[in-house]
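These notes are about the structure you will find just below.
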Amino acid sequence: MMTETWILFEDSSAYPLICNINGNGKNPVSTYLISNNHTDEFLASANRACSLVHSYFHSHGQPIGNQVITFDLLGRNDQALLSGKSGGLAFAAAFACRLLNIDSSKIAATGVIEADNRVTKVKGIENKLSKALTFLDKGDCLFFPKSCRPEISGTLLSELENKKIRLFPIDRVSQLMEVLLKLKKKSADGELLRHKPLERHLPTCFMWFAITIFIGLAILSIYFFHGQWDRGFD
């Protein structure tokens, strides 16, 4: 099952961000939203986020080709205007998770993404993280701008930590990618253990097989020499 990425809003609402991709684009990145009720700024934040993720893969020797990306906010009332730039980090996380096929914990994110790869401050960080607290579980990931850390109350931070939610205050998109790549590796390792249990036990199997052969040969040797002794050695 694909990792669920949530986008957080200042009004204390949050929605799963569905990301679909198609590799037949004319441009490196072409980004669309299912909802037509959004500002140009909101769509631009999604396009900028996806462009930086696309560039990250290319700069690390993993070209992914041209991509057409479509986002949908599951359960969002289409009459409500989508605006602002703080969804950039959630768009980046959703796109990267989709490319990496990460099967892991839930992710929630908020942060303005600048063209130079920086993740900068957002408004309403307390409301957003308080909302994330209501649906994230133990082991889930919460990304937010490092510059917002002083604005988060100690009480809220304690509640998030007590629930074992993993907090990632970051200031660059590359830091997001590093965390997601680790999640990908962890997810892949777990998949290997689930689907190839025999490989984990092969060394042990060979050890017991060798011991069994050794014991069998030892018993045969005892019988042989015992028979020879009874008959005498000619």
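Of the residues making up the range 21-47, those that are exposed (fewer than 13 other Cβ atoms within 10 Å of the Cβ) and over 16 Å from S83 (Cβ atoms) are N22, G23, N24, K26, N27. Of all the numbered requirements in (1) touching a helix residue (DSSP H, G or I) at 6+ places or on another chain (Cβ under 9 Å); (2) modelled with pLDDT under 95, A90 misses one, and that requirement is (2). Within the range 148-187, being closer than 23 Å to A115 by Cβ and small (G, A, S) holds for one residue alone: S174. Between N66, N47, N77, the distinction of being without any contact (Cβ under 8 Å) to a residue 60 or more places away in the chain, out of contact with any strand residue (DSSP E or B) (no Cβ under 6 Å at 6 or more places or on another chain) and within 9 Å of V29 (Cβ to Cβ) belongs to N66 only. The set of residues in the range 81-119 being on the phi > 0 side of the Ramachandran plot and of a type in the set (G, A, S) consists of G84, G111. The residue of the range 33-44 that is nearest to L99 (Cα to Cα), among those that are modelled with pLDDT of 95 or more and touching a strand residue (DSSP E or B) at 6+ places or on another chain (Cβ under 8 Å), is L43. For the range 99-138, the tally of residues that are crowded, with 21+ Cβ neighbours inside 10 Å and more than 27 Å from S59 (Cα to Cα) stands at 7.
Checking each residue in the range 1-20 for being closer than 20 Å to M177 by Cα and crowded, with 17+ Cβ neighbours inside 10 Å picks out T3, E4, T5, W6, I7, L8, P16, L17, C19.
The values are calculated or read from the model by the stated rules, or taken from the named source; none is laboratory data. All values reported here derive from a predicted model rather than from experimental measurement. Neighbour counts run over all protein chains shown; Cβ positions are idealised from the backbone, glycine included.
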